[in-house]
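Asks: I'd like to ask some things about the structure below.
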Amino acid sequence: MSAAVEVVDLGPVGLDRGAHLIVKRSLGRCDPGARVEVRGTSPELATHLRAWCRAQGHALEEGERLTVVRGDADLGRWRGATRTGGASPESVVDAAPSAWGLAARGALVEAGAPEFEFRLDRKSAVWADAAVDLYRQAAAAQWDPEAAIPWASPMDHPEEVEDALVQVLTYLIENETAALLIPARFASQTHPHYREVLQLLAIQAADEARHIEVFTRRALMNREALGLCTSGGQASLKTLVEEPDFELASFLLSVLGEGTFVNLLTFLRRHAPDACTAEIMRLAVADEARHVAFGMAHLIEQGAQDPALLPRLASAIERRHDALRETAGLNEEVFDGLVLLAAGGWAPDRIAAGHDAVVELQREMDQGRRSRLRRLGFDAVEAEALSALHTRNFM
């Protein structure tokens, strides 16, 4: 019988208190067939070592000494294992196998692991190089509604202006609810290999949840109930929530809808009747701008690889326009509320100025949509026509 290559002295510590880790460490340095003598004073050492060796695929020689003969069962367990690419974003693969499941990118996955079906399992379907930095920015820019917003700031504006603000905030809440549901739904369909996109979608949903919270809290500060919600507005948002294609949903929501909302929230910040509302809008604009940036980055990268993308995007706008053709469009009370917020009072000249400001807002929204459509690759004529078809409900 050959001598053991190593001696492990466990002292009074038994395998039932973690000593198996020490034995395992010693065996890990050996080739199959090598021998490790195990010493210790635990009364149950032989019994426990016998059971552990059997479970691990090693042999145990018993006599005056306890000697473990290293087996290769643990090595065989990892035959056929695959590594899930590299850990860095630069090493993401074009298609992530379902057998990689929930494994971390760069991990070694045991053969025979259960398969997970993620519909968005191709790099081209979800990826944008900008997602890495956008997620870091989003994580760093998270804000606490309790601490970030001056809830106790003075409010001395007319009651009718407060009513108008509550109506506009009610409209914002329902739109932000749709903007929460969409990234949340696609996050659950995204293969974890593309974790930066998964994380970014999750944090977008968190952004929208926070917006819903602060819009609701501000609306109920001086009123007991929220405003009106129209069937036309619900119909418009339903076409967004039910869009099954990630690229098209990103386009309709982020590039068109949230891009338009950046203009709207900026307008509301400019015409906010109090510091509390102004700060809410400032913070929300910064969040929405990141959402737009990701949607744009993904579609620009995808468009560079897929010449059929632009016709698909155009068709999506046209289909949505046709589906909403018979609806009333923007809630009349929302439009009037925006006018009154910009006017700040009921004097005819102020109402006229407020109306002009809302008309200018709509022009800015159109110009912003055209600009983003041009960046995606549409020519000026196409961008103008497609922007005009965007829902009158803004989102």
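Asks: Scan the stretch 254-272 and tell me whether some residue there is assigned to a helix (DSSP H, G or I), more than 19 Å from Gln142 (Cβ to Cβ), modelled with pLDDT under 95 and more than 26 Å from the chain's Cα centre (by Cα).
Replies: No, the stretch 254-272 contains no residue that is assigned to a helix (DSSP H, G or I), more than 19 Å from Gln142 (Cβ to Cβ), modelled with pLDDT under 95 and more than 26 Å from the chain's Cα centre (by Cα).
Asks: Tell me whether the stretch 219-232 contains one or more residues that are buried (at least 16 other Cβ atoms within 10 Å of the Cβ) and within 26 Å of the chain's Cα centre (by Cα).
Replies: No, the stretch 219-232 contains no residue that is buried (at least 16 other Cβ atoms within 10 Å of the Cβ) and within 26 Å of the chain's Cα centre (by Cα).
Asks: Taking the condition in the same structural domain as Phe261 (by TED's automatic domain parsing), in contact (Cβ under 8 Å) with a residue 40 or more places away in the chain and over 24 Å from Ala286 (Cβ atoms), does His193 pass?
Replies: It is true that His193 is in the same structural domain as Phe261 (by TED's automatic domain parsing), in contact (Cβ under 8 Å) with a residue 40 or more places away in the chain and over 24 Å from Ala286 (Cβ atoms).
Asks: Take the conditions surrounded by 13 or more Cβ atoms within 10 Å (Cβ to Cβ) and out of contact with any strand residue (DSSP E or B) (no Cβ under 9 Å at 6 or more places or on another chain) and apply them to Ala164. Does it pass?
Replies: Yes: the conditions hold for Ala164.
Asks: Considering only the stretch 322-343, state which residues are at pLDDT 95 or above and not acidic (Asp, Glu).
Replies: Passing the criteria: Val334, Phe335, Gly337, Leu338, Val339, Leu340, Leu341, Ala342, Ala343.
Asks: Do you know which residues across the stretch 271-282 are surrounded by 21 or more Cβ atoms within 10 Å (Cβ to Cβ) and either touching a His at 6+ places or on another chain (Cβ under 8 Å) or hydrophobic (A, V, I, L, M, F, W, C) (or both)?
Replies: The answer is Ile280, Met281.
Asks: If we keep just the residues of the stretch 15-46 that are touching a Pro at 6+ places or on another chain (Cβ under 8 Å) and small (Gly, Ala, Ser), which is nearest to His58 (Cα to Cα)?
Replies: Let us first name the residues in the stretch 15-46 that are touching a Pro at 6+ places or on another chain (Cβ under 8 Å), namely 40-42.
Checking the rest, the ones that are also small (Gly, Ala, Ser) come to 40, 42.
On the way: Gly40: 19, Ser42: 20 Å.
Top of the filtered list is Gly40.
Asks: Tally the residues that are surrounded by 13 or more Cβ atoms within 10 Å (Cβ to Cβ) and within 18 Å of Asp9 (Cβ to Cβ), restricting the search to the stretch 54-64.
Replies: Adding up the residues that qualify gives 2.
Asks: Within the group Val285, Val255, Val262, Val241, which residue is within 13 Å of Leu376 (Cβ to Cβ), assigned by TED's automatic domain parsing to the domain that holds Glu208 and of a type in the set (Val, Ile, Thr)?
Replies: It is Val255.
Asks: Moving on. Kindly provide the set of residues from the stretch 303-351 that are part of a helix (DSSP H, G or I) and aromatic (Phe, Trp, Tyr), ordered by number.
Replies: Pass one, the stretch 303-351, residues part of a helix (DSSP H, G or I): 303-305, 309-323, 332-343, 348-351.
Correct list: Phe335 only.
Asks: Could you please give the count of residues in the stretch 337-395 that are crowded, with 19+ Cβ neighbours inside 10 Å and among the charged types (D, E, K, R)?
Replies: Number of matching residues: 3.
Asks: Then there's this: Just a yes or no: is a residue in the stretch 213-234 in contact (Cβ under 8 Å) with a residue 40 or more places away in the chain and either of a type in the set (Asp, Glu) or not assigned by TED's automatic domain parsing to the domain that holds Leu324 (or both)?
Replies: Scanning the stretch 213-234, I find at least one residue that is in contact (Cβ under 8 Å) with a residue 40 or more places away in the chain and either of a type in the set (Asp, Glu) or not assigned by TED's automatic domain parsing to the domain that holds Leu324 (or both), so the answer is yes.
Asks: Restricting the search to the stretch 200-242, which residues are among the charged types (D, E, K, R) and in a helix (DSSP H, G or I)?
Replies: Asp207, Glu208, Arg210, Glu213, Arg217, Arg218, Lys238
Asks: Which of the following residues is small (Gly, Ala, Ser), out of contact with any Pro (no Cβ under 7 Å at 6 or more places or on another chain) and over 20 Å from Gln189 (Cβ atoms): Ala278, Ala297, Ala316? Talk me through it step by step, then tell me what you get.
Replies: Values: Ala297 fails: over 20 Å from Gln189 (Cβ atoms); Ala316 fails: over 20 Å from Gln189 (Cβ atoms).
Going through Ala278, Ala297, Ala316 in turn, the sole match is Ala278.
Asks: Could you check how many residues of the stretch 58-109 are in contact with a helix residue (DSSP H, G or I) (Cβ under 9 Å, 6 or more places away or on another chain), touching a residue at least 12 places away in the same chain (Cβ under 8 Å) and in a strand (DSSP E or B)?
Replies: Residues meeting the conditions: 7.
The values are calculated or read from the model by the stated rules, or taken from the named source; none is laboratory data. Computed from a predicted structure; not experimentally measured. Virtual Cβ from ideal backbone geometry, glycine too; neighbours counted across all protein chains shown.
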